[in-house]
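The structure appears right after this line, and notes come after that.
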Amino acid sequence: MSYSSYLNTQDPQIQQAILDFYLKKADRFRAYFPEGEELSGSLTGSRSDFLALEEVSVQPWSGMVDSIVVEGTLTPAAIALIRERGKLDEDSCPHPLQLWFYELINDTEVLLRIADFSVWTLYATLDELQSLEKLKIPVSEWQEIFSEPEEGVTPLPMLESLQELVIQAAKELEFKLRAGGL
């Protein structure tokens, strides 16, 4: 299957629909937690909630010193926890226990990666893009990026400055496309 990767910077309602779509396609998740470090509130609560789920494994994460990755089956309890901890509050601010970095996986393929709370990278086939369009998700507004998810390997999350550049480039491209400049 040929996947293309996309950077999505759309509004929270569309992101919720995307999350729901990929939760139906995925069979596993990975959630990454720094040890002894807090990012945007207390991750300790989210970490302990994920560790309490059934059918999870915990391993050190090589992407950050003293960090762990919790991987498990997408049980109804895991899905509910991801839906709760993956969304923004009504005022578009991160939930105090919001997931910092997580992935939804099907078999061995990463389908959706959300890093640094808000950088959404989606991996989709042409059929999946068509299914998303049928759900009124404006996939034509997505920025295609050229990165392949590697089977069994999770790259480091984007550096903050690189993330800002990518988000700014996506906004500029969106502006030019809407203005008819491209």
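Along the range 100-109 the Karplus relation, 6.51 cos²θ - 1.76 cosθ + 1.60 evaluated at θ = phi - 60°, assigns HN-Hα couplings of 7, 8, 8, 9, 10, 10, 10, 6, 10, 9 Hz to successive residues, with x for each Gly and Pro. In this structure, the amide hydrogen of E35, modeled 1.01 Å from its nitrogen in the peptide plane, lies closer than 5 angstrom to those of S67, I68, counting only residues at least 5 positions away or on a different chain.
None of the figures in this text is laboratory data; all of them are computed from the coordinates on show. All of these numbers come straight from a predicted model, not from anything done at the bench.
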